[in-house]
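Q: Could you have a look at this structure, given as structure tokens, before my questions?
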Amino acid sequence: MRRTGTLDHYLTTPQAWLKQELDRHGDLHPLLQERFLDGDPQRLQKAKKMIDAEYNSWATQMRWR
């Protein structure tokens with residue numbers, strides 16, 4: 001699993017890609033258009049932030065093991 005970012009700001013490469021795509025397409029992103037998470041951009045952002053935070057925490061801890 002590749003990661004991007006620096007200490008305490010880790011993202012997987014797919015997470016970084018999704019952020020870039022959401023920034024570019026906004027509410028018109030194909031995931032939302034296909035009704036992923038009911039097509040709700042706020043739910044998608046909330047889920048993404050939660051996953052990003054969990055991965056960042058895990059990756060930061062693993063660095064010190």
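Q: Share of the stretch 18-62's accessible area from carbon and sulfur, percent, 1.4 Å?
A: 55 percent
Q: Could you give each residue of the stretch 28-37 its phi-based ³J(HN,Hα) in whole Hz, using Karplus coefficients 6.51, -1.76, 1.60 with θ = phi - 60°, and x for Gly or Pro?
A: Per-residue couplings from phi come out as 8, 4, x, 4, 6, 5, 8, 6, 4, 6 Hz.
Q: Right, here's the next one. For the stretch 42-54, in order, what is each residue's ³J(HN,Hα) by Karplus, 6.51 cos²θ - 1.76 cosθ + 1.60 with θ = phi - 60°, in whole Hz (x at glycine and Pro)?
A: Each residue's phi maps through the Karplus curve to give 5, 5, 5, 5, 5, 5, 5, 4, 5, 5, 4, 5, 5 Hz.
Q: On to the next question. Return the distance in nm (one decimal) between the two label points of a simple spin-label model at Ser57 and Glu21, each offset 7 Å from Cα along Cα→Cβ.
A: 2.6 nm
The values are calculated or read from the model by the stated rules, or taken from the named source; none is laboratory data. These figures come from a predicted structure and were not determined experimentally. Neighbour counts run over all protein chains shown; Cβ positions are idealised from the backbone, glycine included. Keep in mind that these areas ignore ligands, DNA and RNA; they rest on the heavy atoms of the full protein, side chains included. Shrake-Rupley method; radii C 1.70, N 1.55, O 1.52, S 1.80 Å.
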